[in-house]
């Protein structure tokens, strides 16, 4: 009887077609005979149905300028003035820090004298040798002037200050000491260093910054691309909208990321409680005309108490559990 019922149900399953998608399987209480014995008991029933399944993980992130440039001193010198604080917006060439360059003043003064003397000699003689001497001295002067100018740290491009150091006037700063970090104002990213395996390059995500609105972005870098964190770039116009609506998201420094980590369209599902395991096999019970038979099935993911059935059932089959 069990074999015939199973075959009959399998034949009926071929005639069923994919159709609806419901929030939960239809359930009912029925009394059906148990094949293994004469007693009876109550079972829940539900139909195998098609669903669009999604899982959206909520993950904490930070808002940052991920590609900031750190500017350092090139010479040992005493600091005279430090002109910036975090968040300042600068134009290219704005002075960030001024250092005492008096160590070069003597060299600069002597080189200026040597250059002026060579120029006078060239004007007097007009010889090629005098011209070459003047050109050489002028190049040396330009080099000293360049070195003196490098004692001031300036903005390399239009930028925003992302990190500062704390110096007192007169402090001696060694060559190579970081002075400030700057970045282009529109190069803001959301970084995630938790659950990094949930992200893939190009994945669309949604983000919140303390308001009820969502802002969209896309994963542009993962650990597989050589960085420690997952980086999410804002979609076009979304950064401006977030700053306008949510305030200073960078200074706040945090974000909530909503990443769709699982998605399946038209997945055939049954209640997870209907899935059973025995001796390494996965099965469920199907019922028809008040009788019940065990059917081996292959299952996939489980989402919100629904288990995806990959094989063994068709849409509309009734399972009991």
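Values in this text are rule-based calculations from the coordinates and carry no lab data. The model shown is predicted, which means the values in this text are computed figures rather than measured ones.
Taking springs between alpha-carbon atoms closer than 10 angstrom, which of 281, 181, 66 fluctuates most in the Gaussian network model of the chain?
Top of the fluctuation ranking is 281.
Could you give the angle, 0 to 90 degrees to the nearest 10, between helix 128-149's Cα long axis and the longest principal axis of the Cα atoms of the chain?
50 degrees
From the C-alpha coordinates alone, can you work out the Kirkwood hydrodynamic radius of the chain, in Å?
It works out to 26.7 Å.
Relative contact order of the chain: what whole-number percent is it, with Cα pairs under 8 angstrom and at least 6 residues apart?
27 percent
Among 239, 231, 306, determine the one that fluctuates most according to a GNM of the chain built with springs between C-alpha atoms less than 10 Å apart.
306
Considering Cα pairs under 8 angstrom that are at least six residues apart, work out the relative contact order of segment 133-189 and quote it in whole percent.
36 percent
For segment 223-321, what does the alpha-carbon gyration tensor say about shape, rounded, prolate or oblate, given a ≥ b ≥ c as the root eigenvalues, a/c under 1.5 as rounded, and a/b over b/c as prolate?
In terms of gyration-tensor shape, prolate.
To the nearest 500 deg cm²/dmol, what mean residue ellipticity at 222 nm is calculated for the chain from DSSP H runs of n ≥ 4 alone, each contributing -39,500 (n - 2.57), summed and divided by the residues?
It lands at -7500 deg cm²/dmol.
If you take the square roots of the eigenvalues of the alpha-carbon gyration tensor of segment 69-183 and sort them as a ≥ b ≥ c, do you get rounded (a/c under 1.5), prolate (a/b over b/c) or oblate?
Prolate, since a/c reaches 1.5 and a/b exceeds b/c.
Work out, in µm²/s and without decimals, the Stokes-Einstein translational diffusion coefficient of segment 166-246 at 10 °C, 1.306 mPa s, Rh from Kirkwood over C-alpha pairs.
Calculated translational D: 105 µm²/s.
Would you mind telling me which residue in 259, 130, 155 has the biggest mean-square fluctuation in a Gaussian network model of the chain, where springs connect alpha carbons within a distance under 10 angstrom?
So, out of 259, 130, 155, the one fluctuating most is 130.
Let me check the size of segment 149-283 from its C-alpha atoms; what are the radius of gyration and Dmax in Å?
22.8, 80
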